[in-house]
Amino acid sequence: MPPPLPVVRTVAELRAQVAAWRRAGERVGFVPTMGALHEGHLSLVRLALERAQRVVVSIFVNPTQFGPNEDFDAYPRAEARDVELLAQAGAHLVFAPGAAEMYPEGFSTTVSVAGVTEPLDGAARPGHFTGVATVVTKLLLQCGPDVAVFGEKDYQQLQVIRRLVRDLDIPVEIVGGPTARAQDGLALSSRNAYLSAQERPVAGQLNAILRTAAGRLRSGEPVAAVEADAVRALTEAGFRKVDYVEVRAAGDLARLGPGPIEAPARILAAAHIGRTRLIDNLAV
Ligand code: AMP
């Protein structure tokens, strides 16, 4: 039996614990999440444990990163189970604030990152990255970790966070963790719980189609044709709507020319099956 894992709900308690660890000379790692944890989140906790003696995990379903017609109310919440999984994984503290602790009466400040937030999910989900940037800035300042770990599953988000940490001189090392996947390649996601038995095999095609596309790009085929074929393949596989399939520069997500790729790139996609929106990406 792992030792019981403390759950705190206030910034003051979080800061007191982190300060005590600091005084003892311990490095602190941090993994922000929205809960409904799966193996992808737990792999980030293990990565954090390799880089710090103490690991804090936050669980907060951040309302400001959901659009008005998105799934904030339906988003799965399973705190008791999450805490159990985190105890088994070896985390040391859970920070699970309520909305009033994060956004008290009169809250008026947002962090908005230009450039890297604009294409892809930034275009498909207006305001999403301002919500993400604001809450992640708050969480990093609340916790004050030495290192914070984020998943490559949300690749654009990872680049947004790297940018804001650099721009605002937040003293933390940002580490990206590889995407944890199901057997058929589907990226693990709390939202996979929405998929019906009929939709689940279709969902796996997102990764298969991106793998095919990445292979073609590596063998020198032109970006424009590979993107267009992937969109077609997703539609034929049964995706209701494709928000984007785009090949972009790996670092700043700048647009590439239509021809063969010449530098490290990333292929990123977002597509809907039924009421579920899935994202995935691969290095090229
Ligand atoms: P979320 O709870 O979805 O906000 O995700 C919390 C953190 O876990 C983010 O840094 C995500 O990128 C990361 N994450 C989510 N799914 C995966 C996955 N399948 N593999 C690795 N990291 C993930």
* Selected residue [near the ligand (Cβ under 10 Å from one of its atoms) and either in a helix (DSSP H, G or I) or surrounded by fewer than 18 Cβ atoms within 10 Å (Cβ to Cβ) (or both)] from VAL136, VAL149 -> VAL136
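For the condition closer than 19 Å to ARG191 by Cα, among the β-branched types (Val, Ile, Thr) and either more than 16 Å from the ligand (Cβ to nearest atom) or in a strand (DSSP E or B) (or both), what is the one hit in VAL55, VAL18, VAL31, VAL94?
Values: VAL55 fails: closer than 19 Å to ARG191 by Cα; VAL18 fails: closer than 19 Å to ARG191 by Cα; VAL94 fails: closer than 19 Å to ARG191 by Cα.
Checking each option against the conditions leaves just VAL31.
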* If SER43 satisfies every condition in (1) buried (at least 21 other Cβ atoms within 10 Å of the Cβ); (2) within 10 Å of the ligand (Cβ to nearest atom); (3) among the small types (Gly, Ala, Ser) but one, which is the exception? -> (1)
* Within the range 232-239, identify whether any single residue is exposed (fewer than 14 other Cβ atoms within 10 Å of the Cβ), out of contact with any strand residue (DSSP E or B) (no Cβ under 7 Å at 6 or more places or on another chain) and either in a helix (DSSP H, G or I) or not assigned by TED's automatic domain parsing to the domain that holds HIS38 (or both), and answer yes or no. => yes
* Asked: Tell me, which residue of the range 165-181 that is part of a helix (DSSP H, G or I) and away from the ligand (no atom under 14 Å from the Cβ) is nearest to LEU282 (Cα to Cα)?
  -> ARG166
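The values are calculated or read from the model by the stated rules, or taken from the named source; none is laboratory data. Nothing here was measured: the structure is a model prediction, and the numbers come from that model. Methodologically, a virtual Cβ is constructed for each residue, glycine included, from the backbone with ideal geometry; neighbour enumeration extends over all protein chains shown.
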